[in-house]
Structures are given as C-alpha cells and as structure tokens.
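Worksheet for the structure shown next.
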Amino acid sequence: MVQLRAALVISLAAGLAGAVCDGIDLSSGAVAYGAVIAALVVRPDFSRWPLAIYPVLLVVVGLCMAIGVALGLALASVPQVFLFGLVAALMQLLILLLPGKLRLLSGIVAVAGVLPLLSSAPSWSDWGQELLAIALGLAIGTALQLAFSPAVIPATESAPDDPDELPLMERVKAGLQSPFFWRKLVFASLALAIGQGVGAVTPKYLYFGVVLLLNDSIGDTLARVRDRIAGVSLGILMPLLVFNTLGIGSLQTGLVMGGTTALAVALNSTNYLRTALISSGVAFVGYGSLVAWYIPNRWIDYLLGCGLALAIGLLLFPNSSLRRYNQLKSDPAATTKQLQRLLPAAREEARWLGLPLPEQSCAERA
C-alpha cells in the first residue's frame with residue numbers, strides 16, 4: 001500500500017509542479033525540470049531527506065549550470081563538440097573537490113554542467129528559470145510527500161562519516177594520480193564527438209552513458225549498465241501510451257509519472273524507479289509532441305552509451321572486482337569493511353559471467 005501511495009504522490013507532485021511552472025510562464029525546458037524534480041524528490045518509502053540536502057543541491061546544481069552557461073556564452077563561436085568536452089572535463093575536476101558526504105552528488109555534478117549546452121543558445125534567463133523550476137519542484141514534491149505520509153515512516157538516514165576521508169589537497173592529488181579518473185575525464189570529453197562520429201541521433205546520451213555508467217571496476221560498471229537499461233526501458237512505456245491516447249498536458253504529466261511508478265511497483269522493479277522517472281519525464285515533458293520520435297532514438301543511443309562504457313571498462317585499465325574480492329577473502333589482513341564494499345560489484349560480475357556468486361562470510365554479516 002505504501003508503494004501505491006507513493007505512485008499517487010509522485011503523480012500529483014509531477015502534475016502540480018508542471019502546472020505551476022507553466023502557470024507562471026516558465027519556458028518549456030524549465031517546466032520539465034520542475035516536473036521531473038518534483039517526482040524524484042518523493043521517496044517511495046516516505047522517509048525524509050536531510051534538510052541540508054535542499055540548499056546544498058540548489059547551490060551545487062546552480063553553480064555547475066552557471067559554469068555551463070558562462071562558457072557557452074564566452075565560447076559561442078567555438079564548435080559545440082569542443083565546448084561540450086571542455087565543460088565535461090571541468091565537471092570531472094569539480095567532482096574531485098566533493099567531500100565524502102557529498103560524493104553521492106558526483107553524477108549530478110557531471111550532468112548539471114552540460115545541461116545548458118543541450119540548448120542551441122544558453123542564456124542566463126534560461127538558467128534562472130530552470131533553477132526556479134528546480135526549487136519549485138523540490139518544494140512541491142516535499143510538501144506533498146509530507147501531506148500524504150503514512151502514520152509510521154522510516155527514520156531519516158544521514159550520510160555516514162568516513163573515517164578514511166582525506167584532506168582536500170590529498171584527495172585531489174590522489175584523484176589526479178588515478179588512471180580511472182583520467183579514463184573517465186578523457187572519454188567524458190570525447191563522448192559527444194564519438195556519438196556524432198557513429199551517427200547517433202541524440203549523441204548526448206553517449207556522454208551520459210560514460211559519466212553515469214563508467215566506474216572504477218568492471219563489476220560496478222556492469223551493475224550500473226543493468227540498472228540503467230532496465231530503468232530507461234521502463235520509462236519509455238507510459239509516455240508513449242499516454243501521448244498516443246490522451247495527448248500532452250499537466251494532467252497527462254501526472255499520469256505518466258504515476259503510471260511509471262505503478263508499473264515499476266507491479267514488476268517489482270523499484271530499484272530502477274529513479275532512472276525510469278527521469279526517462280519518462282524527459283521524454284514526455286521535455287520533448288512534448290516529439291516524444292514518439294524521441295523515445296526510440298533515445299533508447300538506441302543509450303544502448304550505444306552503455307556499449308561504450310563497457311568497452312572502455314574492459315579495454316582500458318580493467319579492474320575486476322570479482323578477482324579483487326577473491327584475493328582479499330584469502331588475505332588474512334583484509335578487513336570486513338573492504339569485503340563488504342566489494343561484494344555487490346563482485347556478485348554482479350559473477351552473474352554476468354555465469355559463475356557462482358560469492359557469498360558473505362559470517363564475519364561480514366555480523
């Protein structure tokens with residue numbers, strides 16, 4: 001029942017945020033930001049976000065998007081491929097500055113910086129409207145979640161402190177010395193050019209594939225590829241159904257986002273819900289009447305991005321989480337914390353290879 005209630009709240013949040021943003025005459029792109037953020041801020045289990053996440057998220061997103069706008073205006077005569085690559089590289093450098101508690105925002109940083117460049121003419125006016133829409137989406141989604149929360153809700157989970165957290169300069173130095181950092185930076189910078197070179201209709205999704213899917217180990221990358229393909233595939237069904245039967249509008253936006261949530265619940269696929277909601281919202285609200293053209297191209301080009309991430313992970317500095325896990329398990333000096341960190345990626349890698357899944361020891365379960 002809680003998950004079905006979440007589908008209702010997500011539907012109301014997306015529809016209301018879209019209607020409010022449209023009602024105050026924000027641009028179509030900003031309306032999409034508001035509707036998608038309102039849906040994403042609602043937690044399916046109705047647990048609360050830490051209060052600090054709201055100002056931090058707005059500041060981080062606003063700063064990264066401002067960098068994209070400023071460089072887009074300053075280098076307007078520069079080919080888009082070069083500009084896109086420059087901003088992508090800067091975002092990877094900014095990620096090195098994030099402290100441990102904000103490391104979960106690394107994907108948001110990588111994406112936010114290039115968002116203004118998806119427009120042919122980035123502007124400060126659009127930046128302001130989009131930031132306002134994000135703030136409205138956060139407020140509306142949070143307010144509706146509070147209004148419809150069940151009597152008993154899970155306790156808020158705060159990000160744990162990392163006792164191994166390095167000072168800023170040491171963290172940056174360690175990142176710059178890592179081959180995995182340079183692997184990601186180089187291919188994030190080249191992703192748009194590669195997408196255009198292979199004839200992708202929406203080549204930016206190769207970029208999103210690289211920065212969101214490529215990780216240090218093969219097992220982590222495989223897990224992300226599985227989750228993203230499943231989520232994107234779930235997220236394209238409701239936009240097509242609603243568009244071809246009811247058309248486009250704020251009410252239909254709510255039906256798309258709520259329907260995507262209900263579908264994920266029915267298929268026991270809530271692990272993919274966040275990706276599915278982004279997929280549904282971008283397709284239906286962001287592209288509007290072009291949704292029927294956009295969806296198959298998005299899906300195909302996202303598969304290309306997944307393939308690029310896998311190829312890079314396998315060919316350049318391959319790091320097998322399964323092999324590392326097995327080595328650590330036989331090492332008496334290995335800690336339980338190290339094994340627990342590696343286990344999910346090791347299991348995913350074994351699953352793809354058709355090998356027996358590594359199991360937790362009693363010490364790891366304790």
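The values are calculated or read from the model by the stated rules, or taken from the named source; none is laboratory data. In this text the structure is predicted, and so the values were computed from the model without any measurement. Using ideal geometry, Cβ is built from the backbone for each residue, glycine included, and neighbour counts are taken over all protein chains shown. With ligands, DNA and RNA removed, areas are computed over all heavy atoms of the protein, side chains included. Shrake-Rupley method; radii C 1.70, N 1.55, O 1.52, S 1.80 Å.
Scanning the stretch 13-43 for residues that are open to solvent by 70 Å² or more (accessible area, probe 1.4 Å) and part of a helix (DSSP H, G or I) turns up L16, D22, S28.
Scanning the stretch 85-129 for residues that are crowded, with 21+ Cβ neighbours inside 10 Å and in contact with a Pro (Cβ under 7 Å, 6 or more places away or on another chain) yields a total of 2.
Restricting to the stretch 261-279, give me the number of residues that are assigned to a helix (DSSP H, G or I) and either without any contact (Cβ under 8 Å) to a residue 40 or more places away in the chain or open to solvent by 30 Å² or more (accessible area, probe 1.4 Å) (or both).
Keep residues of the stretch 261-279 that are assigned to a helix (DSSP H, G or I), which gives 261-266, 270-279.
The next check asks that each one be either without any contact (Cβ under 8 Å) to a residue 40 or more places away in the chain or open to solvent by 30 Å² or more (accessible area, probe 1.4 Å) (or both); those that pass are 262-266, 270-272, 274, 278.
Residues meeting the conditions: 10.
Of everything listed in (1) closer than 23 Å to A38 by Cβ; (2) among the hydroxyl-bearing types (S, T, Y); (3) open to solvent by less than 50 Å² (accessible area, probe 1.4 Å); (4) out of contact with any Pro (no Cβ under 9 Å at 6 or more places or on another chain), the single unmet condition for Y302 is (1).
Scan the stretch 204-239 for residues that are more than 29 Å from L342 (Cα to Cα) and open to solvent by 20 Å² or more (accessible area, probe 1.4 Å) and the total you get is 4.
Going by what's in this entry, would L222 be described as more than 23 Å from Q80 (Cβ to Cβ) and part of a helix (DSSP H, G or I)? Considered against the rule, which asks whether it is more than 23 Å from Q80 (Cβ to Cβ) and part of a helix (DSSP H, G or I), L222 comes out as yes.
Does the stretch 307-321 contain at least one residue that is within 22 Å of S119 (Cα to Cα), assigned to a helix (DSSP H, G or I) and not basic (K, R)? If you could, list the steps in order and put the result at the bottom.
Applying the first criterion (within 22 Å of S119 (Cα to Cα)) to the stretch 307-321 yields none.
Looking for residues that are within 22 Å of S119 (Cα to Cα), assigned to a helix (DSSP H, G or I) and not basic (K, R), one finds none in the stretch 307-321, hence no.
When the stretch 172-202 is filtered for residues that are open to solvent by 50 Å² or more (accessible area, probe 1.4 Å), among the polar types (S, T, N, Q) and in a helix (DSSP H, G or I), only Q196 remains.
Quick check on S106: is it of a type in the set (S, T, Y) and either touching a strand residue (DSSP E or B) at 6+ places or on another chain (Cβ under 9 Å) or closer than 24 Å to F180 by Cα (or both)? Spell out the reasoning first.
Working: of a type in the set (S, T, Y): yes; either touching a strand residue (DSSP E or B) at 6+ places or on another chain (Cβ under 9 Å) or closer than 24 Å to F180 by Cα (or both): yes.
Considered against the rule, which asks whether it is of a type in the set (S, T, Y) and either touching a strand residue (DSSP E or B) at 6+ places or on another chain (Cβ under 9 Å) or closer than 24 Å to F180 by Cα (or both), S106 comes out as yes.
Across the stretch 49-80, the qualifying residues are those that are touching a residue at least 60 places away in the same chain (Cβ under 8 Å) and assigned to a loop (DSSP other than H, G, I, E, B), and the one among them that is nearest to the chain's Cα centre (by Cα) is W49. Quick test of your reading of the structure: F46 fulfils all but one of (1) open to solvent by less than 10 Å² (accessible area, probe 1.4 Å); (2) in a helix (DSSP H, G or I). Name the failing condition by number. Checking F46 against (1) open to solvent by less than 10 Å² (accessible area, probe 1.4 Å); (2) in a helix (DSSP H, G or I), the one that fails is (2). Among the residues here, T245 does not qualify as touching a residue at least 60 places away in the same chain (Cβ under 8 Å) and among the hydroxyl-bearing types (S, T, Y).
Check the stretch 108-128 and report whether any residue there is over 17 Å from the mean Cα position of the chain (by Cα), part of a helix (DSSP H, G or I) and without any contact (Cβ under 8 Å) to a residue 12 or more places away in the chain. Explain how you work it out, then say what you get.
Going through the stretch 108-128, the residues over 17 Å from the mean Cα position of the chain (by Cα) turn out to be 117, 119-128.
Subset that is part of a helix (DSSP H, G or I): 117, 124-128.
Subset that is without any contact (Cβ under 8 Å) to a residue 12 or more places away in the chain: 125, 128.
Yes, the stretch 108-128 contains at least one residue that is over 17 Å from the mean Cα position of the chain (by Cα), part of a helix (DSSP H, G or I) and without any contact (Cβ under 8 Å) to a residue 12 or more places away in the chain.
Scoring R341 on the criteria (1) outside any loop (DSSP other than H, G, I, E, B); (2) touching a residue at least 24 places away in the same chain (Cβ under 8 Å) leaves a single failure, condition (2).
Taking T253 as the residue in question, decide whether it is touching a Gly at 6+ places or on another chain (Cβ under 9 Å), farther than 20 Å from V111 by Cα and in a helix (DSSP H, G or I). In short, yes.
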